[in-house]
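First the structure, in the form of structure tokens, and then the observations on it.
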Amino acid sequence: MKINTSAVAGTLESSDVYVKVEPCETLEIEIESVVYNQFAEQIEATIKAVLAELGVESGKVSVNDKGAIDCVIQARVETAVKRAGGEK
Amino acid sequence: MRRSMLFIPGNTPNLLMNGDVLGSDSIILDLEDAVSPAEKDAARILVRNALKHLHYKGCEIIVRINPIETDFWQKDLDEVIPLCPGMIMPTKVSCANDVKVVSDYIAEVEARHGIEKNTVKLIPLIETAMGVENAFNIASADERVAAIFLGGEDLTADLRCKRTKEGNEIFYARCRMVNAARAAGVDVYDTPFTDVDDIDGLYKDAQFAKSLGFTGKASISPRHVEGINEVFSPTQADIDYAHEVMETIRIAKEQGKGVVSLRGKMIDAPIVTRAMQVIEMEKAIFGGVEDDE
């Protein structure tokens, strides 16, 4: 799947994560999290796994995490990528 | 055993994560009214992931899907049926054909994913005047239907009357739903009591629903779950009496008696059936929740 346009998913509420994806030549991931010190690597790995599963090779993904568990991060990234790819 | 059913908005992670610790026998993961049209896609994916990764131990999962008049309901089923939730709640169900349409599509998805047919059951939400009139046909429309559920808010909008705490405006619908469900051999659930802060009102409303024959009641607030569970559980006196009935029957059989009485009252088949139902509920409540592992 290709990121054709900017799209967002999720919220800034507790246990959620706000995800923004934008077109980009390379693959860039930016993480802001209330549990950054403990979980930044795991969050990045989760995001990369979802992108790989969806066949996304390039794009900028910015997340603002409010303590979301893995399956929530996965859901929000998938939603944002599908919205950016024109799927609803 | 399903006394209480608690609605959880499908696009709210902190509630989805904690759905099984709120004391409800079932939770309804809501993809319909609790989710705005712009967020349907997000909720669908989030609920699918919750079903896939969260265990929800000792708690039945029901997914409320969007009405068949929308573009959403098939996508809802595509995402959640592969995860085999206990039940699907189709909404705005007004006739038997609405049930068949949903059931047939579930069968398609089940087949696509190698799931045995009729694994996922249905609890149609009846919330229109036409739906109430067709309650028996809906309840007996398909072998997936395990229960029917009355939605009082939309119904009163359709009836063009005000929804009140007393509930006189839905009295006919409640009676008709109970009769239809029992005639079809399925369970029947009452509409939520919507004043979250009025716990006395909740008890009264639940007790009245129980007196009409409802199996249980839905809730929009975790604060109502305990009251609903209490009202729809047998009392200790009910349990003691049920055991006395079964013991009396056992002794009568041993003695070869055809007709028996307890405390001066003849014990006939309906009393035995009721006693067995009470003992079954006692086991479900006090005998521990069966682990599905």
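Before moving on, here are some points about what is shown:
- Restraint check, A:66/B:121; B:121/B:162; B:92/B:162; B:52/B:92; B:162/B:217, Cα-Cα greater than 24 Å: A:66/B:121; B:121/B:162; B:52/B:92
- Once the C-beta distance of residue A:62 and residue B:53 is scaled by a Förster radius of 25 Å, the resulting FRET efficiency is 0.60 to the nearest 0.05.
- Efficiency of FRET between residue B:197 and residue B:266 - r from beta-carbon atoms, R0 35 angstrom, step 0.05: 0.15
- Stokes-Einstein diffusion for region A:47-88, with the hydrodynamic radius set to the Kirkwood value over Cα pairs and evaluated at 20 °C in a medium of 1.002 mPa s, equals 200 µm²/s.
- Loop-located GluC sites (Glu not before Pro) across region B:76-178 with a Cβ neighbour count of 13 or fewer within 10 Å are B:116, B:143, B:166, with loop assigned by DSSP.
- Within a straight-line Cα-Cα reach of under 19 Å, residue B:210 can be paired with the following lysines, leaving aside sequence neighbours fewer than 8 residues apart in one chain: B:165.
- Counting neighbouring Cβ atoms within 10 Å and putting the fewest first, the residues B:250, B:64, B:182 line up as B:250, B:182, B:64.
- Axis of helix A:36-53 versus longest Cα principal axis of chain A: the two differ by about 30°, to the nearest ten degrees.
- Taking amide H as placed 1.01 Å from N in the peptide plane, the amide H of residue B:262 sits under 5 Å from that of B:267, each at least 5 places away or on another chain.
- In plain terms, if you count all Cα to Cα distances in region B:84-196 and split them into 5 Å steps from zero, the share in each step is 2, 13, 23, 22, 16, 11, 7, 3, 2, 0 percent.
- Divide the volume of the convex hull around the Cα atoms of region B:1-65 by the residue count and you get 71 Å³ per residue.
- Region B:4-231: relative contact order as a whole-number percent, Cα under 8 Å and 6+ apart: 18
- Placing a pseudo-label 7 Å from each Cα along the Cα-to-Cβ vector at residue A:6 and residue A:45 gives an inter-label distance of 3.2 nm.
- Calculated FRET value between residue B:253 and residue B:285, using beta carbons and R₀ = 25 Å, to 0.05: 0.35
- Reference-scaled alpha-carbon Rg (2.2 N^0.38 Å with N residues) for the protein assembly as shown: 1.14
- Two-decimal log10 I(q)/I(0) for region B:55-108, as the Debye equation yields it once each C-alpha is a single scatterer, q = 0.23, 0.28 Å⁻¹: -0.89, -1.21
- Counting only Cβ charges, +1 for Lys and Arg and -1 for Asp and Glu, the dipole size of region B:66-148 around its Cα centre is about 160 debye.
- Distance histogram in 5 Å bins (all Cα pairs of region B:236-286, percent per bin): 5, 21, 32, 24, 11, 6, 2
- Those lysines that a straight Cα-Cα span of less than 22 Å connects to residue B:253, excepting residues fewer than 8 apart in one chain: B:265
- Fluctuation leader among B:95, B:161, B:175 - chain B, Gaussian network, Cα springs under 10 angstrom: B:161
- Just so you know, the Cα atoms of region A:7-84 work out to an Rg and Dmax of 11.1, 32 Å.
- Relative compactness, region B:4-231, computed as alpha-carbon Rg over 2.2 N^0.38 Å: 0.95
- Going from the residue with the fewest nearby Cβ atoms within 10 Å to the one with the most, B:35, A:8 rank A:8, B:35.
Readers should treat all values here as calculations from the given coordinates under stated rules, not as data from a laboratory. Predicted, not measured: the structure shown is a model, and the values here were computed from it. Every residue, glycine as well, gets a Cβ built from its backbone with ideal geometry; the counts of neighbours run over all protein chains shown.
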